[in-house]
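Heads up: the structure comes next, in structure tokens.
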């Protein structure tokens, strides 16, 4: 593994447990962003460009640096079901084909990994996933159902219900525009202040496999999914708040984010 924060072709790593908070900038003004619906923003983590794309009129915009366990950045979200974040590696704000994109059938095997934790009960988070999506323009993901409809090609690993059970969510549309959805529940469930290491691996041929806390997941290993050849993919984390009595924002803490060639 390269040294922390190193950037090279097809590799990205950031440790948010050792990273101070940084301003979030609006692409429209290149000034510090203010809360706004469907705002495409960006920030830098140790000099590395990251997308910071929000939906909903978030009053909480700047990541909250945690000074006690679990250390990392608490994602800035209000307690509202339409408030969400998509975090990536400069896929939308660079103005060019992002260097951190991967083409099935052209690139060697690649991966994305994130370590996530929670400040309170995971019931307060509707979605907390990491994975790959097609490199199309950003589309709002404000619910678990949106994971399967917002992008034409995608595969995610993480929490996509307030039960806290880790699942895989995959979608692929063929020439007939049919969509295949897979929900394979694992035996791993998240509780309050429980962290988890989520890793999604894609072979050169597009075959997806999953690891949870560094080990291949047995149940998800039986879930067949292959990305379409020549599909261009970008890594993404999706965080969605849950609305309702007792729900709280800023509950998901990102601790590490990594992607690149295997």
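Scan segment 103-157 residue by residue and report those that are in contact with a helix residue (DSSP H, G or I) (Cβ under 8 Å, 6 or more places away or on another chain), surrounded by 20 or more Cβ atoms within 10 Å (Cβ to Cβ) and outside any strand (DSSP E or B).
Listed by number, the list holds a single entry, 141.
Is at least one residue of segment 174-196 touching a helix residue (DSSP H, G or I) at 6+ places or on another chain (Cβ under 7 Å), part of a loop (DSSP other than H, G, I, E, B) and either modelled with pLDDT of 80 or more or under 14 Å from residue 225 (Cα atoms) (or both)?
Yes, there is a match, as at least one residue in segment 174-196 is touching a helix residue (DSSP H, G or I) at 6+ places or on another chain (Cβ under 7 Å), part of a loop (DSSP other than H, G, I, E, B) and either modelled with pLDDT of 80 or more or under 14 Å from residue 225 (Cα atoms) (or both).
Taking segment 1-18 only, how many residues are part of a loop (DSSP other than H, G, I, E, B) and at pLDDT below 80?
Narrowing segment 1-18 to residues part of a loop (DSSP other than H, G, I, E, B): 1-7, 9-10.
From what is left, the residues that are at pLDDT below 80 are 1-7, 9.
Here the count works out to 8.
Name the residues in segment 19-44 that are within 19 Å of the chain's Cα centre (by Cα), at pLDDT 80 or above and not in a loop (DSSP other than H, G, I, E, B), would you?
41, 42, 43, 44
Return the residue satisfying two criteria in turn: it lies in segment 77-97 and is within 19 Å of residue 117 (Cα to Cα) and within 14 Å of the chain's Cα centre (by Cα), and of such residues it is modelled with the lowest pLDDT.
The qualifying residue modelled with the lowest pLDDT is 84.
Among what's in segment 207-262 and is under 19 Å from residue 169 (Cα atoms) and in contact with a helix residue (DSSP H, G or I) (Cβ under 6 Å, 6 or more places away or on another chain), pick the residue that is modelled with the lowest pLDDT.
Among those that are under 19 Å from residue 169 (Cα atoms) and in contact with a helix residue (DSSP H, G or I) (Cβ under 6 Å, 6 or more places away or on another chain), it is 242.
Quick one: residue 203 ticks every box in (1) modelled with pLDDT of 70 or more; (2) buried (at least 17 other Cβ atoms within 10 Å of the Cβ) except a single one, so which number is it?
With respect to (1) modelled with pLDDT of 70 or more; (2) buried (at least 17 other Cβ atoms within 10 Å of the Cβ), residue 203 is out only on (2).
The values are calculated or read from the model by the stated rules, or taken from the named source; none is laboratory data. These numbers come from a predicted model, not from an experiment. Backbone-built Cβ (ideal geometry, glycine too); neighbour counts: all protein chains shown.
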